[in-house]
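Here's the structure we're looking at; comments come further down.
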Amino acid sequence: MLKNFFLWVIIAIVLVSVFNNFQPKQGSADEQLSYSDFIQKVKVGEINSATIQDQTISGKLQSGKTFTTYMPTLDDHLLPTLLDKGVNVKGEPPAQESLLTHIFISWFPMILLIAVWVFFMRQMQGGGRGGAFSFGRSRARMLGEDQVKITFLDVAGV
């Protein structure tokens, strides 16, 4: 009973962590700028700092608000423009998937197939014990001579 309880607790913890891992990240109330608006704000000097990760640009405006925008194509003129306007530019490497996500995507289907195979092999080798596939098996027991309580005379009707 306790073993089953711990098994269900572990399954619940794994499921919760998987669902939390796949949920979109909840960011703060960032202002979503179009890329053209971002370029205009850079030219006017309203951008204080910018962080570039892949094609996503986030940062702070001079007013203190945060913003996020997406660069549709790689712009070779963006970095010199940001540096000319005195914007503090920070670059970040591309986001990598977590180890848990990688394990579930690559190994979970194979582990599931192996577990199902082991389950069926154990059921087939079950022998006389009960189980999911125990229907149709004989439950007859051998009786010794001293255990027989019904005699031939009882059933012959003589």
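Side notes on the structure shown:
- Residues (in contact (Cβ under 8 Å) with a residue 12 or more places away in the chain and surrounded by 10 or more Cβ atoms within 10 Å (Cβ to Cβ)) located in the stretch 92-128: GLU92, ALA95, SER98, LEU100, THR101, PHE104
- Test: residue in the stretch 103-115 that is part of a strand (DSSP E or B) and either over 30 Å from LEU15 (Cα atoms) or of a type in the set (S, T, N, Q) (or both): no
- Being touching a helix residue (DSSP H, G or I) at 6+ places or on another chain (Cβ under 8 Å) and either surrounded by 15 or more Cβ atoms within 10 Å (Cβ to Cβ) or free of Cβ contacts under 8 Å to residues at least 12 places away in the same chain (or both) is a condition met by at least one residue of the stretch 21-34.
- Residue in the stretch 67-75 that is closer than 20 Å to LEU33 by Cα, out of contact with any Pro (no Cβ under 9 Å at 6 or more places or on another chain), at pLDDT 85 or above and of a type in the set (Phe, Trp, Tyr) present: yes
- Any chance SER49 is within 25 Å of ILE105 (Cα to Cα), surrounded by 10 or more Cβ atoms within 10 Å (Cβ to Cβ), not charged (D, E, K, R) and not assigned by TED's automatic domain parsing to the domain that holds HIS102: no
- For the stretch 80-91, the set of residues classified as part of a strand (DSSP E or B) and loosely packed, with under 11 Cβ neighbours inside 10 Å consists of GLY91 only.
The values are calculated or read from the model by the stated rules, or taken from the named source; none is laboratory data. Bear in mind the structure is a predicted one, so any value in this text is a computation, not a measurement. So basically every Cβ, Gly included, is an ideal-geometry build from the backbone, and we count neighbours across all protein chains shown.
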